[in-house]
Amino acid sequence: MSVTNYTMASKIEVQPVTGGIGAEISGVDISQVLAEETVADIRQVLLDHLVIFFRDQEITPKQQLAFVSRFGEPDIYPFVKGLDDYPEITPILKLPEETVNFGGIWHSDTVYQPNPPMGTVLYAKELPPAGGDTLFANQYQAYETLSAPLRAFLDGLTAINSAAKGSAAATRSDRVADGGTGLAAEVMEAEHPVVRTHPETGRKALYVNTGHTVRFGGMTEAESTPILDYLYRHQIQPEFSCRFIWRPGSLAFWDNRCAQHYPVNDYHGHTRLLHRVTLKGDKPF
Ligand code: SIN
């Protein structure tokens, strides 16, 4: 969608970053209390582009929470302790001596919960001199570009999503060790439709991900894996994706119901710190 498609009631400007996903919003200072029409416009851009980006924002944790709260109810991340004064804000931190990054695999956030978050807002505090970008992929497109017979097969299926899936669990082990909330990953598992209908847009999106999906409901892992492996490759292709290069003061807000993300781990020896808030979501259908 091009910027000319928009008639915004507010003064925000919208610049799509690729043909598939992502738009940068300018002309707004999110440290301020935003007018209703500005919030409505930002929400519409999020629904249209799946992930939105803001640059050069100077916000405190309190202001980040105030901004995020205009779009929903902040949630608590189950595994890593939040800031002392703001438990809804999770510090996403990789230190110079660490090699594993948080969430370092393609995923949608915490789909092992019965009601996974509708969205996530990440604000950049400290960044490596280069690297540490985040990739995003459009799961409407991932679904719509499958063949009709495969779409029909997937439409009727559910998938089991687990917090204990090894590849994803490893990406948060350091932070759980020194600041965890004591929850056991093994108990966090949820069954959701493989194709979910977005509650606001009514569009269908592919809702499996390599980080958390273990198998299809009613099928064994051996039966599920070949098809899931195909879907994991298909759903992240360049035509459906964008790459966000962070700068201090950048903020990204993505829709977990129809987008996946992948933080690139290419900055060993440097610190990267972002503040993350998730927004409560509803039960996928
Ligand atoms: C996350 O998965 O929430 C972290 C994303 C990032 O660090 O870029």
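The values are calculated or read from the model by the stated rules, or taken from the named source; none is laboratory data. Quick caveat: nothing in here was measured; it's all calculated off a predicted structure. Every residue, glycine as well, gets a Cβ built from its backbone with ideal geometry; the counts of neighbours run over all protein chains shown.
Scan the stretch 52-74 for residues that are in a strand (DSSP E or B) and aromatic (Phe, Trp, Tyr) and the total you get is 2. Looking only at residues of the stretch 229-285 that are in a loop (DSSP other than H, G, I, E, B) and hydrophobic (A, V, I, L, M, F, W, C), we find that the one that is surrounded by the most Cβ atoms within 10 Å (Cβ to Cβ) is Cys258.
All of Val45, Val68 fail the test of being touching a Pro at 6+ places or on another chain (Cβ under 9 Å) and touching a residue at least 24 places away in the same chain (Cβ under 8 Å), apart from Val68. All but one of (1) buried (at least 16 other Cβ atoms within 10 Å of the Cβ); (2) over 20 Å from Pro248 (Cβ atoms) hold for Ala40; state the number of the condition that does not hold. All conditions pass for Ala40, except number (1).
Hey, any hits in the stretch 187-206 for a residue that's part of a strand (DSSP E or B), away from the ligand (no atom under 16 Å from the Cβ) and in contact with a Gly (Cβ under 7 Å, 6 or more places away or on another chain)? Yes, there is a match, as at least one residue in the stretch 187-206 is part of a strand (DSSP E or B), away from the ligand (no atom under 16 Å from the Cβ) and in contact with a Gly (Cβ under 7 Å, 6 or more places away or on another chain).
Does Glu223 qualify as being away from the ligand (no atom under 14 Å from the Cβ), under 28 Å from Ala124 (Cβ atoms) and assigned to a helix (DSSP H, G or I)? No; evaluated as a whole, the condition is false for this residue. Entry remark, the stretch 75-97: residues being near the ligand (Cβ under 10 Å from one of its atoms) and in a loop (DSSP other than H, G, I, E, B) number 1 in total. Is the stretch 143-158 home to any residue that is at pLDDT 95 or above, of a type in the set (A, V, I, L, M, F, W, C), over 13 Å from Lys204 (Cα atoms) and in a strand (DSSP E or B)? No. Which residues, counting only those in the stretch 13-30, are modelled with pLDDT of 95 or more and surrounded by 15 or more Cβ atoms within 10 Å (Cβ to Cβ)? Val14, Pro16, Val17, Thr18, Ile21, Gly22, Ala23, Glu24, Ile25, Val28, Ile30 - these are the residues of the stretch 13-30 that are modelled with pLDDT of 95 or more and surrounded by 15 or more Cβ atoms within 10 Å (Cβ to Cβ). Every listed requirement among (1) more than 17 Å from the chain's Cα centre (by Cα); (2) crowded, with 17+ Cβ neighbours inside 10 Å is met by Phe136 save one, (1).
Taking every residue in the stretch 202-223 that is of a type in the set (S, T, N, Q) and pairing it with any residue that is surrounded by 14 or more Cβ atoms within 10 Å (Cβ to Cβ) and part of a helix (DSSP H, G or I), at least 6 positions away or on another chain, the pairs with Cβ-Cβ distances below 6 Å are Thr210/Tyr232. Among residues of the stretch 110-125 that are closer than 9 Å to Glu189 by Cα and in contact (Cβ under 8 Å) with a residue 60 or more places away in the chain, those with a Cβ under 6 angstrom from a residue that is within 14 Å of the ligand (Cβ to nearest atom) and not hydrophobic (A, V, I, L, M, F, W, C), sequence gap 6+ or separate chain, pair up as Val111/His212; Tyr112/His212. Could you list, in sequence order, the residues of the stretch 98-123 that are more than 14 Å from the chain's Cα centre (by Cα) and within 9 Å of the ligand (Cβ to nearest atom)? Answer for the stretch 98-123, where residues must be more than 14 Å from the chain's Cα centre (by Cα) and within 9 Å of the ligand (Cβ to nearest atom): just Asn101.
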